[in-house]
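Computed from the coordinates by the stated procedures, all read-outs in this text should not be read as laboratory data. Keep in mind it's a predicted model, so treat the numbers as computed, not measured. Because the Cβ atoms are built from the backbone with ideal geometry, glycine has one as well, and the counts that use them run over all protein chains shown.
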Amino acid sequence: MEAAILTILALLFVAFVALGVYATVKVTKAAKRGVDRTLDQARRTVEDTTLRAKSFGQAGAAGELARLRLSLRTSMRATQDALQAGVGQDASLKESLDLFHRLSAHGFELDADLKRLEREPDRAWVAGQLPELTARTERITSSADALRRAARDRALRFAEDDLSTLSAQIDVEAGALRHWTDPEPAPGAASAGTEERGRPTGDHAGATGRAADAGPRSEPSAITGPDPRLTAYPWEKSARPETTT
């Protein structure tokens with residue numbers, strides 16, 4: 001019996017140790033991913049700042065290369081963020097995201113070529129390559145911009161359609177809520193009712209007399225409002241009991 005208890009305790013201890021190790025590994029990996037993301041963002045920020053400074057501070061081929069790299073990185077990053085943010089709500093953007101991944105391969109290749117040319121000592125030769133590099137950059141950024149704008153237009157159109165449908169439903173509901181008056185009686189029924197009221201006899205006459213003795217009776221209202229004591233909303237305060245003197 002004691003051996004069985006010791007075995008169970010040992011198994012529980014091993015299970016707790018394994019669970020602790022697993023949790024530690026998961027937390028460590030998550031922290032590492034967070035650190036990597038922070039470092040990547042910091043590196044991109046530094047590179048963008050450096051390229052922006054070069055594009056404004058340097059003239060000639062060096063400044064033009066920096067301008068092309070900055071334009072390429074800005075366009076591709078904006079398109080990637082837009083597609084990744086929208087694919088969770090619109091599954092049809094998955095194909096657009098796949099096309100962007102293929103376009104990114106060309107963007108990476110172009111960025112690497114531009115980065116190599118920044119270290120090229122023959123500036124005259126680099127200047128001769130600039131027209132072709134500018135055309136490649138414009139083709140890639142134009143394609144990325146087209147994907148981003150199409151995704152944005154699609155999201156705006158869906159939002160506009162949903163708002164139009166919602167507005168139409170609200171108009172119908174508002175019209176239904178305003179139908180509080182009773183329908184007008186038919187002319188024949190109204191004249192018959194008038195004649196019957198003009199000839200009270202028997203029990204009806206007695207009931208009419210008793211009603212007259214009881215005093216004037218208020219007309220029924222067109223809308224019978226709900227009893228406020230039976231209706232409660234989370235945004236309403238509780239009514240205080242009236243004080244009696």
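Regarding region 15-109, what is the average projected area of its C-alpha convex hull, in nm²?
If I average the Cα hull's projected area over directions, I get 9.0 nm².
Calculate the spin-label point distance for residue 53 paired with residue 35, positioning each point 7 Å from the Cα along the beta-carbon direction, and give it in nanometres.
2.7
Could you give me the radius of gyration and the Dmax of region 90-134, taking only the C-alpha atoms into account and expressing both in angstrom?
Final numbers for Rg and Dmax: 15.6, 49 Å.
Please turn the phi angles of region 5-19 into ³J(HN,Hα) values with the Karplus equation 6.51 cos²θ - 1.76 cosθ + 1.60 (θ = phi - 60°), one per residue in order, whole Hz, x for glycine and proline.
For region 5-19, the Karplus-derived couplings read 5, 5, 5, 4, 5, 5, 5, 5, 5, 4, 5, 5, 5, 5, 5 Hz, x marking Gly and Pro.
Under 22 Å between alpha carbons, and skipping anything fewer than 8 positions from residue 115 in its own chain: which lysines qualify?
Here the lysines satisfying the reach criterion relative to residue 115 are 54.
How far, in nm, would the chain grow between residue 163 and residue 44 when pulled straight, counting 0.36 nm per residue and subtracting the alpha carbon separation?
Numbers: separation 119, 0.36 × 119 = 42.84 nm, distance 3.86 nm.
Additional length available on full extension: 39.0 nm.
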